[in-house]
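Participant: Take this structure first; my questions come after.
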Amino acid sequence: MPHSIITLPLGLQGHRGARGLFPENTIEGFRAALALGIDAFELDVGMTADGVVVVSHDLQLNPDITRDASGHWLSVPGPALRDLTSAALAGFDVGRLRPGSVYAAQFPLQQPVDGARIPTLRDVLRIDAATRFMIELKTDPRYPVRTATPAELADAALAVIDAAEAAPRIVLESFDWRGPRYVRRARPDIRLAWLTRPETVRDAHLWWDGPHPSDFGGSTPRVVAAEGGPIWAPEHTGLTQDMVAEAHDLGLYVLPWTVNDPAAMRRLISWGADGLITDRPDLVPAS
Ligand code: MG
């Protein structure tokens, strides 16, 4: 792994493990990415009906990656994780992209691992004692009945993190800012990141539950700074050098996602990005 990247303050973070290479958000994928030298990951968490915190990007089982116990692909988005017990969830295989799907076409190099399951956060935190995790609380203000509340999910995740004594090596983040805002009050020791994408900036009243860029001169980094930072995690498309500089002037770290193009990686590093989240850590330029 290129030394220059590893020394970025927030490191090179494998997105959902390393989604371009291995099945996303699986133990098998995280282990394979670790073997490549990745020491930090971005992952997503939700909660099952029986209160188990599991690592999955989707609020509902995703037909592009999910087969049932008899090996059949789901034809439509499946039940919400919230409505499945952890035992029921363990019956589904998420180790392969659905052949012929648009999603599979995005990641032609992904090596399947048939039999891979949606893992618990507890088990993922135990894959390596030094690995750092950016943990995204997957709640969505548009679909409140599909998940636990932001506070419930944050509390459940923190219980798992504390049991693993992992608090010093994790960051909590969300597009739904109710989650990190709750954690700031409840657990000021936990480092936070504030995720943004164009849609959540546009609909900030919904996603941020209060503040809006128009109250801050149109500046998203200023809103993140007002929340207390320290990390702004913007979608990299649309990010400019001036925005990175403004965030740095405000004392923020900037952690763009999901950067899979070597030219974009090089450009963001030249602008002073403090880390990168990528599906393709193998493509990060050496200098
Ligand atoms: Mg995520």
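The values are calculated or read from the model by the stated rules, or taken from the named source; none is laboratory data. A quick note: this is a predicted structure, and the numbers were derived from the prediction, not measured. Cβ: placed from backbone, ideal geometry, glycine included. Neighbour counts: every protein chain shown. Remember, those area values only see protein heavy atoms, side chains included, never the ligands or the DNA or RNA. Shrake-Rupley method; radii C 1.70, N 1.55, O 1.52, S 1.80 Å.
Participant: Taking the conditions exactly as written (modelled with pLDDT under 95, open to solvent by 10 Å² or more (accessible area, probe 1.4 Å) and among the hydrophobic types (A, V, I, L, M, F, W, C)), does Leu21 satisfy them or not? If you could, list the steps in order and put the result at the bottom.
Facilitator: Details: modelled with pLDDT under 95: no; open to solvent by 10 Å² or more (accessible area, probe 1.4 Å): yes; among the hydrophobic types (A, V, I, L, M, F, W, C): yes.
Judged against the criteria, Leu21 is not a match.
Participant: Name the pairs: first residue in the range 153-176 and over 14 Å from Ile231 (Cβ atoms) and open to solvent by 20 Å² or more (accessible area, probe 1.4 Å), second residue basic (Lys, Arg) and in a helix (DSSP H, G or I), Cβ to Cβ under 7 Å, at least 6 apart or on different chains?
Facilitator: Pairs that qualify, where the first residue is over 14 Å from Ile231 (Cβ atoms) and open to solvent by 20 Å² or more (accessible area, probe 1.4 Å) and the partner is basic (Lys, Arg) and in a helix (DSSP H, G or I), are Val160/Arg122; Ala164/Arg122.
Participant: Turning to a different aspect of this structure: In the range 95-136, what residues are acidic (Asp, Glu), open to solvent by 20 Å² or more (accessible area, probe 1.4 Å) and touching a strand residue (DSSP E or B) at 6+ places or on another chain (Cβ under 8 Å)?
Facilitator: Of the range 95-136, the ones acidic (Asp, Glu) are 114, 123, 128, 136.
Filter again for open to solvent by 20 Å² or more (accessible area, probe 1.4 Å), leaving 114, 123, 128.
Asp114 - this is the single residue of the range 95-136 that is acidic (Asp, Glu), open to solvent by 20 Å² or more (accessible area, probe 1.4 Å) and touching a strand residue (DSSP E or B) at 6+ places or on another chain (Cβ under 8 Å).
Participant: Being more than 16 Å from the ligand (Cβ to nearest atom) and at pLDDT 95 or above is the filter here, so list the residues in the range 36-59 that pass it. Break it down into steps so the answer makes sense when it comes.
Facilitator: Initially, the range 36-59 is screened for residues more than 16 Å from the ligand (Cβ to nearest atom), giving 36-37, 39, 48-52.
Listed by number, the residues that qualify are Thr48, Ala49, Asp50, Gly51, Val52.
Participant: In addition: Select from the range 59-81 the residues that are under 18 Å from the mean Cα position of the chain (by Cα) and more than 20 Å from Gly100 (Cα to Cα) and write down the one among them that is surrounded by the most Cβ atoms within 10 Å (Cβ to Cβ).
Facilitator: Leu81
Participant: Under 8 Å by Cβ, and 6 or more places apart or on different chains, what pairs join a residue from the range 111-140 that is without any contact (Cβ under 8 Å) to a residue 40 or more places away in the chain with one that is open to solvent by 10 Å² or more (accessible area, probe 1.4 Å) and in a loop (DSSP other than H, G, I, E, B)?
Facilitator: What qualifies is Asp114/Arg96; Arg126/Ala164.
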